[in-house]
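Notes to accompany the following structure.
Read the figures in this text as sums done on the coordinates, not as results from a lab. Because the structure is predicted, anything quoted here is derived from the model rather than measured. Positions of Cβ are generated from backbone atoms using ideal geometry, with glycine treated the same way; all protein chains shown enter the neighbour counts.
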Amino acid sequence: MDVAVICEISREETKMNKYYVVAYKEVNFGDDLLMDTLFCRYPEAEFVMTAPGCYRKIFNQYGNLKIICRDSFIYKIFNKLVSSYSVIMHRDYPKCLEDIIINSFKRIIYIGGSIFIEKEDAHQVSYERKWWKKAIDGDKKVYILDANFGPFRSASYTNAMQSVFKKCQDVCFRDQYSFHMFSHIKTVRYGNDIAFLTKTCKRTKNVSDKYVFVSVVYPANNFAADLNVHNEYIRKMAEMHKSAQKYGLGIKYVAFCKFENDDKTLDEIKNVIGDSDTAEYIVYDGNIEEIKQMVTDSVGVISARFHGMVLSSVQNRPTFYIAYSTKGINVIQDNHLDINYIRLKDIKDIDSDRIIASMVHDQGKLLLKEEIYKSANEQFIILDKENRNTNHISKII
């Protein structure tokens, strides 16, 4: 779909169940998993989003999704015109074509994680405030799902977003910390992360090569100011390979998001390990089911990615979490999950042998309570009512 059909989509938007979806669309496994759950849950609704052309393949099974291809030639031309006009007129908003497209819709779903991070750049702060002001303008309905709040530095940012939340149709945070900050607002609710509703996979019978699944991040990218932390992280992840070999296990190192340089982490780990038949390096390319099956068939999961930790919990895999922010720790504590974790800044304290040994001996111990699935369904309670969806009671099987 190209820009030529945008007007047609906008004219059709009078239907009760048509939504524009705002999300992180950079082929990131976690965010793709959230969108996949949304599209699957409401087959009778219609969703529209602007995204790279590869998303037509990622979500090709959904006839209820229309994708405006942002890397098409026509889109790029119009986008350049909008951004150039913004610069010439010294305006922060709109700064891209998607801003204009979003404004043509009356129902907007904003889904996915760390949405509310206070930026340091003054122009970016100004743009975001104008974006939200326009999004909640008039009779628009805005639904914010699966979000957490922060990091933030100022009361002015918190107050500004508080004003936004009051005008939204629905705001559902995925952690208690964020929820309690704004629980006095009637539109604000709490529900567990949407990824807890992921359909479980059956373990492949007679897996010949047993392995540990490791989802990585690239700390030097933005998770750690200290380069020493980055280097120590690479060293420790490579060390996991030696520990796994002691138990006759291989390791699958998996990059969830190439756009965020996770693949560079794989290269650096490989340089430390060298050639090995028991180390495999995989970059997520949009095949959601492939990653889910890898997690299910693993002996255990070491995850620096938030949704790697959630997915391994759903698939009942022994899990060790490396937290680059508090969002994962909050979810672990909110749900009393039996998951050991360490903060990324303390990565030097990891005992690789102990972690692998624990996974080998703790098979099948992590069982999620039914309340966790019920709470995750709370994320959709408003959309369920709007779409008369009564088919999702607890866990999706």
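Hey, got a sec? Which trypsin sites (Lys or Arg not before Pro) in region 217-301 land in a DSSP loop and have at most 12 other Cβ atoms within 10 Å?
On the way: sites: R235, K236, K242, K246, K252, K258, K264, K270, K292; in loops: K246.
For trypsin sites (Lys or Arg not before Pro) across region 217-301 that sit outside H, G, I, E and B with at most 12 neighbouring Cβ atoms in 10 Å, the list reads K246.
For the chain, what relative contact order do you get, as a whole percent, if you take Cα pairs closer than 8 Å and at least 6 residues apart?
Working: 700 pairs, mean separation 63.2, N = 397.
Relative contact order of the chain: 16 percent.
Provide the packing ranking of 311-318, 17-24, 368-375, i.e. peptides ordered by the mean count of other C-beta atoms within 10 Å per residue, highest first. Spell out each step's value before the answer.
Numbers: 311-318: 24.4, 17-24: 21.2, 368-375: 15.6.
Those peptides, ordered most packed to least, come out 311-318, 17-24, 368-375.
Quick one: compute a quarter of the convex hull surface over the Cα atoms of region 257-385 and quote it in nm². Each step should come with its number before you reach the end.
On the way: hull surface 38.9 nm².
With every direction weighted equally, the projected area is 9.7 nm².
Quick check: Cα centre of region 191-240 to Cα centre of region 266-340, how many Å?
Between the Cα centre of region 191-240 and that of region 266-340, the gap is 3 Å.
What percentages, rounded to whole numbers, describe P(r) for the chain computed over all alpha carbon pairs with 10 Å bin width beginning at zero?
5, 22, 31, 26, 13, 3, 0
Can you give me the C-alpha center-to-center distance between region 61-84 and region 120-154, rounded to a whole angstrom?
So the separation of the two Cα centres works out to 22 Å.
At q = 0.16, 0.17, 0.29 Å⁻¹, what is the log10 ratio I(q)/I(0) for region 309-366, with the Debye formula run over Cα points and no solvent?
Log10 I(q)/I(0), no solvent term: -0.50, -0.56, -1.28.
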